[in-house]
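Data block below; observations after.
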């Protein structure tokens, strides 16, 4: 299904993977993802709180890291496993927020409540953890988005003290940049972050409604987007990804008719190209399994005049580009799934009067 | 600025909001009473809530489904952080009257939408609010108007509209109920995607012409081919409606009244006040903002200090705003949002369409214990910014004797008026350890601890339960 064709590119919706589930085949408010070794996609689930007569650090449900494969098409996805859980013990997560994989395949998961990074091997075995709160930089700290460059340097956004911090994979602090504000290079609750193939760092500047591009040392290079809800404008951008051709993908919470959320695509020079609003016209295989097992769901679904509200993104919180397969993965957070798009480059549009 | 200015301002913001810190009280008192009333009545001049922070840190609050009892987490956070306290208080007011609950609706998000409606229209025109309410999917499902068909009338919505949402018992007949219900046939909800497997979807109002009883009705003495809007028009022309809403306003903002079911047989505590408010409503075509202006500027309001028992929500939100430190939506927000429930007010889940019984009925041995424990825990946490501020002020005032400490704490917690007997008890407690001093770190630490204990005793008093 052709969904969006623009200058020299087209984005075909492929399929979606996931359904709401606090464990196993499904996700629970997925907020970040990374492709790791062996084509495994690791998905960070934020989960939710629940009520129980236990202490605050035990009341969460669904927080974990899921391991899945995507497959080439609907029905080919597989649930591989999951690790970690809600809690503040070693290897546990309260507010999991971001994930990257290093060159060995080890995984680094940020926690924006515990202000720490937990390291796991590719199979989910807990290896170590370290704090992101520096002795020389006290105060609020919320380790949110995380990115890694070709030299295995980690870049971590700090949503509550408005910084980007750099660390080695062992947690050694290498430096930071950013102060609170809205000028060039200033930040207001930064969230998602990525590093492109040339080593530039892109930060979703959430409350400033823009993405900023920096050198790896934090020198301001450019701004993508400006505040608004019109075409090409940003409204609470949550994450950013860059493909090998330089196209920049920004997901944010602009309205798209039924729900809140779009993925805006800019070229490497910051020119707006197009937006995606979510195209999941078919339920994912796992979601369909749930429907098939519930006769009342089937009946009610027959009555609705359109299923269009469920095609759309609802507060997408992460974008990941699968360079090996030319695919864009959008974490459709409130729908507990991700939508997969295929990019075709050098696309020639046929003549209009064909 | 006199002490009484502060006390009066504290009274106003306890009722028209959820209380305030001393710093805010002083700033408001400096502006003046009437100017503050105007500021509260015009919330659009204050910064609106930013939902993005909640969505970022607690994405589960977006459409919380029926996660056990936590659907009001976002609302509680709003009440704690709003810069528009009266707007939020009015949402609570209307929620108490147009009581709709998750126990039946089973979609917290639809109830949240209702709160948004109350926030947006709650200080506007009551007639418009009623009309929006009649189209609210949560209300339609709650009172079965989706089962109200041209050829099979369901009277639930029609009855409650008259009994609990406008006129009150004794002002209409069973025939009126039937006729009103007929006029609302065809006011229903469009089929929506079912919950799961990928979350919840919105409900939308739908008018089905083919299911509407398009014939003549006779309602409250008037005859015509009425639809729901006409019924609301007629209802609002009745003085009983104005009196009913006036009595609700009085009960919520001024002083405790008997419970609603008794209103048909028990006269108001202050008939003149009710008449003034009702006349204002009728004269100004149900302009709620203008009626509130009359209310807050009236002597009967100003003289009604501590004449109402705080609702559980007022206890929780008011104390948290006083002590501070709960502005950021930290983990545990869901459990925090349950606190009013533990004291008898499960927000978004009232016990019935009649809402909660108020006044003395808030209190039983269990709920009182919950109130005392919750508030005492908070004020005893001397690290909280609001308590730190109180300690700093006591220090600056040079409060060292037991009497000075007790009077200072009573002042900073309200100002709170307590019985002489209670004050004596408090002074006696502090006297057990003698005077305090603020000169060395050790003495300051000791004084701080004793202030924390004193504050805990004060919020355990009967007087702290009154607004």
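The values are calculated or read from the model by the stated rules, or taken from the named source; none is laboratory data. Since this is a predicted model, take the numbers as computed values, not measurements. Here the Cβ positions follow ideal geometry from the backbone for every residue, glycine too, while neighbour counts run over all protein chains shown.
The residue list A:287, A:241 contains one member that is assigned to a strand (DSSP E or B) and touching a residue at least 12 places away in the same chain (Cβ under 8 Å), which is A:241. The one condition from (1) surrounded by fewer than 24 Cβ atoms within 10 Å (Cβ to Cβ); (2) closer than 22 Å to residue A:146 by Cβ; (3) touching a residue at least 24 places away in the same chain (Cβ under 8 Å); (4) more than 11 Å from chain B (Cβ to nearest Cβ) that residue A:113 does not meet is (4).
For the list (1) under 23 Å from residue B:121 (Cα atoms); (2) over 22 Å from the mean Cα position of the chain (by Cα), I need the number of the one condition that residue B:58 fails. Exception for residue B:58: condition (1). Only a single criterion out of (1) within 14 Å of chain A (Cβ to nearest Cβ); (2) over 15 Å from the mean Cα position of the chain (by Cα); (3) closer than 27 Å to residue A:46 by Cα is not satisfied by residue B:47, namely (3). Scanning region A:295-310 for residues that are more than 8 Å from every other protein chain (Cβ to nearest Cβ) and either within 18 Å of the chain's Cα centre (by Cα) or farther than 24 Å from residue A:232 by Cβ (or both) returns A:295, A:298, A:299, A:302, A:306. Of the residues making up region A:172-179, one or more are without any contact (Cβ under 8 Å) to a residue 24 or more places away in the chain and either within 14 Å of chain B (Cβ to nearest Cβ) or touching a strand residue (DSSP E or B) at 6+ places or on another chain (Cβ under 7 Å) (or both).
Among the residues examined, residue B:349 qualifies as within 14 Å of chain A (Cβ to nearest Cβ) and either modelled with pLDDT of 95 or more or farther than 22 Å from residue B:390 by Cα (or both). Every condition in (1) over 24 Å from residue A:50 (Cα atoms); (2) touching a helix residue (DSSP H, G or I) at 6+ places or on another chain (Cβ under 6 Å) is met by residue B:156 except one, and the failing one is (2). The strands (runs of 3 or more DSSP E) found wholly in region A:312-354 and carrying at least 3 residues that are over 16 Å from the mean Cα position of the chain (by Cα) occupy A:337-347. Residues in region B:315-346 that are outside any helix (DSSP H, G or I) and within 14 Å of chain A (Cβ to nearest Cβ): B:325, B:326, B:327, B:328, B:329, B:330, B:331, B:332, B:338, B:346.
Taking the conditions exactly as written (modelled with pLDDT under 95, loosely packed, with under 15 Cβ neighbours inside 10 Å and out of contact with any helix residue (DSSP H, G or I) (no Cβ under 7 Å at 6 or more places or on another chain)), does residue B:434 satisfy them or not? Here the answer is yes, as residue B:434 does meet what is asked. Select from region A:57-78 the residues that are touching a helix residue (DSSP H, G or I) at 6+ places or on another chain (Cβ under 8 Å) and without any contact (Cβ under 8 Å) to a residue 60 or more places away in the chain and write down the one among them that is surrounded by the fewest Cβ atoms within 10 Å (Cβ to Cβ). Looking at residues that are touching a helix residue (DSSP H, G or I) at 6+ places or on another chain (Cβ under 8 Å) and without any contact (Cβ under 8 Å) to a residue 60 or more places away in the chain, I get A:69.
On the stretch given as region A:30-48, residues that are surrounded by 24 or more Cβ atoms within 10 Å (Cβ to Cβ) and farther than 10 Å from residue B:59 by Cα total 6. Name the residues in region A:209-238 that are under 16 Å from residue A:266 (Cβ atoms) and within 13 Å of chain B (Cβ to nearest Cβ), would you? The answer is A:209, A:227, A:234, A:235, A:237, A:238. Residues that are closer than 25 Å to residue B:134 by Cβ, in a loop (DSSP other than H, G, I, E, B) and at pLDDT 95 or above do occur in region B:81-98.
For region A:46-69, which residues satisfy the criterion of being more than 10 Å from every other protein chain (Cβ to nearest Cβ) and within 27 Å of residue A:143 (Cβ to Cβ)? Scanning region A:46-69 gives A:58, A:63, A:64, A:65, A:66, A:67, A:68. Among residues that are surrounded by 16 or more Cβ atoms within 10 Å (Cβ to Cβ) and either more than 27 Å from residue A:311 (Cβ to Cβ) or within 9 Å of chain B (Cβ to nearest Cβ) (or both), residue A:84 is included. All of A:319, A:277, A:248 fail the test of being under 17 Å from residue A:17 (Cα atoms), without any contact (Cβ under 8 Å) to a residue 60 or more places away in the chain and more than 11 Å from chain B (Cβ to nearest Cβ), apart from A:277. Of all residues in region B:311-330, those that are on the phi > 0 side of the Ramachandran plot have Cβ atoms under 6 Å from Cβ atoms of residues that are at pLDDT 95 or above, 6 or more apart or on another chain, in B:324/B:384; B:324/B:385; B:324/B:386; B:325/B:384; B:325/B:385.
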